[in-house]
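> The structure that follows is given in the form of structure tokens.
The values are calculated or read from the model by the stated rules, or taken from the named source; none is laboratory data. All of these numbers come straight from a predicted model, not from anything done at the bench. Here Cβ is always computed from backbone atoms with ideal geometry, including for glycine, and neighbour counts include all displayed protein chains.
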Amino acid sequence: FDWADIQGVMTSVSAPISGGGMVRTYRIECVVCEPNTTNVIDHFTFCIDSSLSYDEWMWVNSFMAFSDKNLDTEQMPDEYEWSVKINWSEEIDKKSKASSLEEYQQIDAEYKKLGNK
């Protein structure tokens, strides 16, 4: 799907608990529309949490739009260590580090010339 055709929708559900009070769950659902329409053709759950998850949506949305303007850079400092190391293919690694849509498209074109797709 083209990222421009995906929209995030936040919902919440409350349920009473036996000891009194309520428990609330938040979820971000993504809906995919036909290009240039509002006709929904697919949907998927982005995340479910017991607290608001809007920050995660902003991170992904800004990344996909090649924009850092809305990101809170304190949320994931550079010195953070992942417990699991992932070895991406060279192509995916280069694409994930592209600083603009044009650079991403140039990398994609180079790999298509090599016959990787």
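> Keeping to region 98-117, report how many residues are in contact with an Asp or Glu (Cβ under 8 Å, 6 or more places away or on another chain) and of a type in the set (A, V, I, L, M).
The qualifying residues number 1.
> In region 12-47, what count of residues is obtained for those that are of a type in the set (S, T, N, Q) and within 23 Å of ALA65 (Cα to Cα)?
5
> I'm trying to understand the selection: among the residues of region 22-63, which are touching a Ser or Thr at 6+ places or on another chain (Cβ under 6 Å) and among the aromatic types (Phe, Trp, Tyr)?
TYR26
> Being acidic (Asp, Glu) and modelled with pLDDT of 90 or more is true for just one of ASP55, ASP49, ASP93, ASP42. Which residue is that?
From the options ASP55, ASP49, ASP93, ASP42, the qualifying one is ASP42.
> Out of everything in region 12-61 that is among the charged types (D, E, K, R) and assigned to a helix (DSSP H, G or I), what residue ends up being nearest to ASP2 (Cα to Cα)?
My answer is GLU56.
> Going through region 10-47 one residue at a time, which ones are of a type in the set (Phe, Trp, Tyr) and in contact (Cβ under 8 Å) with a residue 24 or more places away in the chain?
TYR26, PHE46
> Against the condition under 23 Å from SER100 (Cβ atoms), among the basic types (Lys, Arg) and either part of a loop (DSSP other than H, G, I, E, B) or at pLDDT below 85 (or both), how does LYS85 come out, does it pass?
No; evaluated as a whole, the condition is false for this residue.
> What about PHE1, is it under 30 Å from LEU101 (Cβ atoms), modelled with pLDDT under 85 and under 19 Å from the mean Cα position of the chain (by Cα)?
yes
> Restricting attention to region 90-110, report how many residues are under 17 Å from the mean Cα position of the chain (by Cα), over 17 Å from ASP2 (Cα atoms) and surrounded by 15 or more Cβ atoms within 10 Å (Cβ to Cβ).
Selection size over region 90-110: 1.
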